[in-house]
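Trainee: Pasting a structure below so you can have a look.
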Amino acid sequence: MYSEIHQLKAIGLKKAQVAKRLEIDVKTVTKYWEVSAEQFHQIMQASGSRTKKLKCYRDIILKWLKENPDLSAAQILDWLKEHYADFSVRERTLRRYVDELRKKHNLPKPAPVRQYQAVSELPPGRQMQLDFGQKRICKAGGGYITLYVMGVVLAHSRYKCGKWTDKPLTTAAFIQMLLFCFEHLEGLCEELVIDQDKLAVVSENGGDIIYTYEFEKFKQQMGFSVYLCRKGDPESKGKIEAVVKYIKRNFAANRLFTDIRAWNESFYDWLKRTGNYNVHGTTKKIPAEVFLSEQKHLKPVPWINVPKEILTRTVRKDNTILHRGNRYTVPIGTYRPGCELKLEETGHTIKLFDQQTGALLAEHSISLEKGQLIQNSNHLRDHRVKAEQLFEKTLNMLGNCPETKAMLEGIRHEKPRYVREQYLILQKMTALFPEEVTLEAINYCLEHQLYCAADCHDIAGWLEQEKYVEKNLTVKASMPEWLKIKTEKRDPVSAYLHLVGGEGR
């Protein structure tokens, strides 16, 4: 590793490029970047005499690996922490140690073996395979950019084509790129093999495939059929899988990006120079030469109106949309299930439009950071307007006097989160109790500093009951004397006994 680091350094590669090429951490590259051969020899001698930190856990790790051959290093780390309270080793260190034990004791991690069958060569013009990929590329001025590629390959000749873009793919962009490939090939095949990608397919629907509206329309206009790979089965289009990998590794790797136009020009130069002019490993033929005969079997490309590239974003439940790793707000009430907004990016701003009316709903400055919430103040719910309206309504229902206003202000200060519920209770009191009872209850609450609608309700109930009792006593005291006379009641049983002569028996 030390030797490889310095060999790559000698040819002018940077630390990050060396780390990527050797598939090691950039910190490891930095550690040995300026170390001379003599210093490295001393380091190795010192490390050879050092006792490995995990040596005391060797037996238990071996036991677990023998009992559970598919055990991962992450699980072993968790089990060691569970059984040994003082265990503290980094996962990367443990992973390397577990790999050493597996190799030394011949304990390979089992992997499912899938059986494949060779596919017969298809006739010319029969099938085209399509797939997508993405690659993180170094920019000429510094930094990185993610590029997206759509690759196609003719199954008979293995002739390759494709196009790159620096923006995330949409259905409209995908259709434009596919039409570009058809025009470049000067024809199209009978069948197109694709994945269950959301750009083209909505649902497999048990065999009755539902395509996106734009792709369904494009498919019918072009006149090709679609062979849809099953979910999780990319091997069924292995030719294009290999092509996309070949494009990313042979063309894109370690190439500097300036702009997308120059990048695509370099890509087509590469196809003419290497991609389609090297002898194919399976067919042992040059794809460009075989393509000359296959091209005669391709169907002509019909002229159609290609849909404009429209970027859309789905509105989330919290009335935000996701764009380049950040959340941008839209006005409250925009969300509804399945709602999508049209997005236009101009310079350093994005604009969001209603797709049906075309009305501008939001405009934001683009954030260069990730994971941020970019929020416009006019998109926030304004609670003050509704709260003020409720305050005025309750005040008017209670008589609009200074005492009532003081009570409402006190509730707003004491219970700001429950103002609505408190005011509604006071509104209900106006229908349950007379105005004088309600006002008296409010005065009692103000006197005892009880800024609670429930307490006010209970006090009003108690006051009304007291007034009812007092009213009854007053009415009874003002009655005439002859109404106060109580009639004598006799015992009906004694009267009957007296009549039959059985009294005393």
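No lab work stands behind these numbers, since they all come straight from the coordinates. These numbers come from a predicted model, not from an experiment.
Trainee: Starting from the amide H of Phe257, placed 1.01 Å from N in the peptide plane, find each other amide H under 5 Å away whose residue is 5 or more places distant or on another chain.
Mentor: Counting only residues 5 or more places away or on other chains, the set is Cys138, Lys139, Ala140.
Trainee: Also, quick follow-up: To make sure I understand the rule: partners must be lysines, Cα under 19 Å from the Cα of Lys55, and not fewer than 8 residues away in the same chain. Which ones qualify?
Mentor: Excluding near neighbours in sequence, the set is Lys63, Lys66, Lys81, Lys103, Lys104.
Trainee: Just the Cα atoms of the range 127-297, one point each, no solvent: what log10 I(q)/I(0) does Debye give at q = 0.14, 0.19, 0.20 Å⁻¹?
Mentor: For the requested q values the scattering log ratios are -0.76, -1.33, -1.44.
Trainee: What do you get for the angle between helix 58-67 and the principal long axis of the chain? Use alpha-carbon atoms, 0 to 90 degrees, nearest ten.
Mentor: 90
Trainee: For Lys467, give me every one of the aspartates and glutamates with a C-alpha distance below 19 angstrom, ignoring sequence neighbours fewer than eight places off in its own chain.
Mentor: The qualifying aspartates and glutamates are Glu435, Glu436, Glu440, Asp455, Asp458.
Trainee: So, one more: Aspartates and glutamates near Lys272 by alpha-carbon distance under 12 Å, same-chain residues fewer than 8 away left out - which ones?
Mentor: Output for Lys272: Glu289.
Trainee: If you don't mind, there's one more thing I want to ask. Against the 2.2 N^0.38 Å scaling, with N counting residues, where does the chain land? I'd like the Cα-based Rg ratio to two decimal places.
Mentor: Normalised by 2.2 N^0.38 Å, the Cα Rg of the chain equals 1.76.
Trainee: Okay, next question. Averaging over every viewing direction, what projected area does the convex hull of the Cα atoms of the range 52-108 cover, in nm²?
Mentor: It is 3.5 nm².
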